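Report on the structure given below.
Just so it is clear, none of the values below were taken in a lab; they were calculated from the coordinates. All values derive from a computational prediction rather than experimental measurement. We place every Cβ from the backbone using ideal geometry, glycine too, and count neighbours over all the protein chains shown.
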Amino acid sequence: MEQWIESLGWKKLVAILIVASIIFLIFIVLSISRPQNTSSLPLPSGNQGSESANHPASSFPKPTTISNPWLRYQGSLFQLNYPPDLSADPRIAQGSRESLILRSSTKNVTINIQSYEPSQTSVAKISNIFSTLGYKQNPIYISGLSGNEFSGSVLINSNRVWEKAVVFENSGAIYKLQLAYTSSAQDFSIEQIFDQIASSFHLL
């Protein structure tokens, strides 16, 4: 009798283990084959990276496209490039070593580049004039030298005149590049041309 009970208990134990193993295997198979629920996760767009790269956070105006090649002026002290719609008028003004005036035939735009004798003026004196007018001042590098950039506007005879100037010193000589144009509002395309001319400026 005791042998029969022991034999019956062993069989029940084996049966329970077999059933438990089968249930465990079914659970694993169902877990692997079940698809993941991704409805709550936003799918990344394949164009997100390119869109962020193509739209940088910048408010700078786009460079002006010029169809014709630029011209080059080379004097005794400096050289620069300028667009063909500006005329170049080199001259020697009183108190200056070398002077160049760029003018537009279609717009009221003038760019004056001058090199002064140190006995005539100084960077501090020229800078003080623009500071008195309340122009904004920023440090700048031009032709590998540090200088000051001024920008602002004044009202002259009911006309709004916008100006942008770069002032620096080299070997005792004082240099000034100054843009002036008349407009009811600031014209970034004109100032972009001035920036490109200034970036091409090189001392000889």
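Side notes on the structure shown:
- Total residues in the range 176-203, condition within 17 Å of the chain's Cα centre (by Cα), of a type in the set (Asp, Glu) and over 17 Å from residue 145 (Cα atoms): 1
- Among the criteria (1) out of contact with any helix residue (DSSP H, G or I) (no Cβ under 8 Å at 6 or more places or on another chain); (2) surrounded by fewer than 16 Cβ atoms within 10 Å (Cβ to Cβ), the one residue 107 does not fulfil is (1).
- For the range 143-164, a tally of residues being in a strand (DSSP E or B) and either out of contact with any helix residue (DSSP H, G or I) (no Cβ under 6 Å at 6 or more places or on another chain) or surrounded by fewer than 14 Cβ atoms within 10 Å (Cβ to Cβ) (or both) returns 15.
- Residues in the range 165-192 that are farther than 22 Å from residue 77 by Cα and either β-branched (Val, Ile, Thr) or part of a loop (DSSP other than H, G, I, E, B) (or both): 182, 183, 184, 185, 186, 187, 190.
- Residue match in the range 174-189 (condition: in contact with a Leu (Cβ under 8 Å, 6 or more places away or on another chain) and either surrounded by fewer than 14 Cβ atoms within 10 Å (Cβ to Cβ) or among the aliphatic types (A, V, I, L, M) (or both)): no
- Filtering the range 121-142 to residues that are farther than 17 Å from residue 190 by Cβ, under 26 Å from the mean Cα position of the chain (by Cα) and assigned to a loop (DSSP other than H, G, I, E, B) leaves only 134.
- Annotation note: of 118, 83, the sole residue that is under 29 Å from the mean Cα position of the chain (by Cα) and either farther than 16 Å from residue 201 by Cβ or surrounded by 13 or more Cβ atoms within 10 Å (Cβ to Cβ) (or both) is 83.
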